[in-house]
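Everything below concerns the one structure shown next.
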Amino acid sequence: PENVVAFFNGVAQEVREIMAGLGCRTLNELIGRTELLERRPVDDFPEEIRGRVANIDLSRLLYQIDPSGTDSRIHTRERNERFGDSSLDDKIITDAKIALVKGGKVKLSYKINNTHRNVGTRVAGHIGYTFGDQGLAEGAIDITLHGSAGQSFGCFLAKGIHLTLIGEANDYVGKGMNGGEIVVRPPDGCKFTWAENSIIGNTVMYGATGGRLFAAGLAGERFCVRNSGGTAVVEGVGDHGCEYMTGGRVVVIGKTGRNFAAGMSGGVAYVLDEQGDFERRLNKEMVGLTRLEEFDEEVELVKSMITRHQEYTGSARAEQILFWWDDYLPKFVRVMPHDYKRVLEAQAEMRARGLSEEEAVMAAFESNAKDAARVGGK
């Protein structure tokens with residue numbers, strides 16, 4: 001940390017020196033002062049690119065829009081809030097008072113567009129402030145939304161909230177979610193194949209600690225990055241799926257991008273490998289690959305997760321897999337980190353000896369740490 005502090009102090013000092021040389025005391029005095037900028041001579045560049053550099057027209061970037069210097073160079077309003085620009089959560093909190101105050105149940109429906117960001121976050125904060133980590137009863141606040149959700153849909157979601165989005169969502173769906181459920185599916189009557197088209201953006205369930213996500217379509221890159229406890233079913237993901245994941249369970253019933261499970265140290269992922277080439281896209285540095293059908297209990301778990309996915313979303317892809325389950329089962333693979341597997345095995349052994357759940361967990365981690373130390377010693 002001291003090095004980071006020293007670095008930024010050095011940057012700040014250099015900025016102060018440059019500003020002093022320009023005769024400015026504050027950054028506000030510099031913003032918009034394009035007359036203080038000058039073009040680097042073409043001769044400064046390597047000979048092979050001088051021709052291209054010379055053809056770049058910078059006049060519009062360096063244009064002095066207000067030579068008098070009287071207009072605002074920073075902002076047209078003091079803050080970024082605009083008159084009448086209220087969060088959808090403000091209305092939800094008002095409409096869900098029965099649940100938020102008395103702990104009852106309520107069903108709500110709204111239209112949503114991509115300027116509605118962080119939908120569900122303030123509601124979750126209200127639940128946390130009033131009811132603590134225990135949240136509300138499952139499905140206490142059941143919200144259906146129609147349209148295109150903006151960034152961070154369902155961010156930091158709390159226990160007791162069920163969000164159904166009929167449309168699509170941008171990046172960071174379920175970021176940091178702690179509980180509740182998020183369902184995203186296309187509207188009925190779509191002419192495209194759900195399982196072949198994107199339904200949610202990048203970095204979905206980033207840092208989630210709990211809750212469940214069901215997405216009837218494809219997700220972008222870095223799906224479930226740093227997920228530590230959330231559960232998800234999705235019909236395909238981009239590159240770097242389950243990156244740095246430390247817990248939770250993920251079921252992918254479609255294709256994945258490259259570098260799957262990079263840095264994954266916990267949790268389990270189940271992937272439908274129809275073409276038999278998933279191993280080429282798997283980052284095997286920290287994880288191992290086995291066939292799902294070798295683990296009876298987990299077979300039932302995965303089947304139940306896909307069943308719930310189909311019930312919530314109406315996914316044709318999930319329905320097909322469940323109908324031909326015996327044919328699809330051999331194509332599912334199980335991705336589990338090596339260390340996590342050793343801890344689970346040690347934990348099961350400790351429980352068999354009669355230790356409590358907490359004692360078994362502690363003993364398993366201690367055993368794994370000793371094994372790691374022996375390997376390091378060698």
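Descriptive notes on the structure:
- Within this structure, LEU213 fails the test of being out of contact with any helix residue (DSSP H, G or I) (no Cβ under 6 Å at 6 or more places or on another chain), modelled with pLDDT of 95 or more, open to solvent by 10 Å² or more (accessible area, probe 1.4 Å) and aliphatic (A, V, I, L, M).
- Residue count, segment 160-187 (criterion: touching a residue at least 60 places away in the same chain (Cβ under 8 Å) and surrounded by fewer than 19 Cβ atoms within 10 Å (Cβ to Cβ)): 1
- Check on ALA140, touching a helix residue (DSSP H, G or I) at 6+ places or on another chain (Cβ under 6 Å) and farther than 20 Å from GLU221 by Cα: yes
- Selection count, segment 303-325, where residues are basic (Lys, Arg) and over 17 Å from LEU218 (Cβ atoms): 2
- Checked against the criterion of being at pLDDT below 95 and either under 27 Å from GLY174 (Cα atoms) or within 17 Å of the chain's Cα centre (by Cα) (or both), the candidates TYR340, TYR312 yield just one match: TYR340.
- Segment 121-140 residues that are in contact (Cβ under 8 Å) with a residue 40 or more places away in the chain, paired with ones that are open to solvent by 30 Å² or more (accessible area, probe 1.4 Å) (beta carbon under 6 Å, 6 or more apart): ALA124/PHE156; GLY135/LYS159; ALA140/LYS105
- If the condition is being under 15 Å from the mean Cα position of the chain (by Cα), surrounded by 18 or more Cβ atoms within 10 Å (Cβ to Cβ) and charged (D, E, K, R), then segment 238-264 contributes GLU243, ARG249.
- Reported count of residues in segment 111-154, each being surrounded by fewer than 20 Cβ atoms within 10 Å (Cβ to Cβ), part of a loop (DSSP other than H, G, I, E, B) and of a type outside the set (Val, Ile, Thr), is 9.
The values are calculated or read from the model by the stated rules, or taken from the named source; none is laboratory data. Please read all numbers here as calculations on a predicted model, not as lab measurements. Quick reminder, even Gly has a Cβ in these numbers, built from the backbone with ideal geometry, and neighbours come from all protein chains shown. Accessible surface areas use protein heavy atoms only, side chains included; no ligands, DNA or RNA. Shrake-Rupley method; radii C 1.70, N 1.55, O 1.52, S 1.80 Å.
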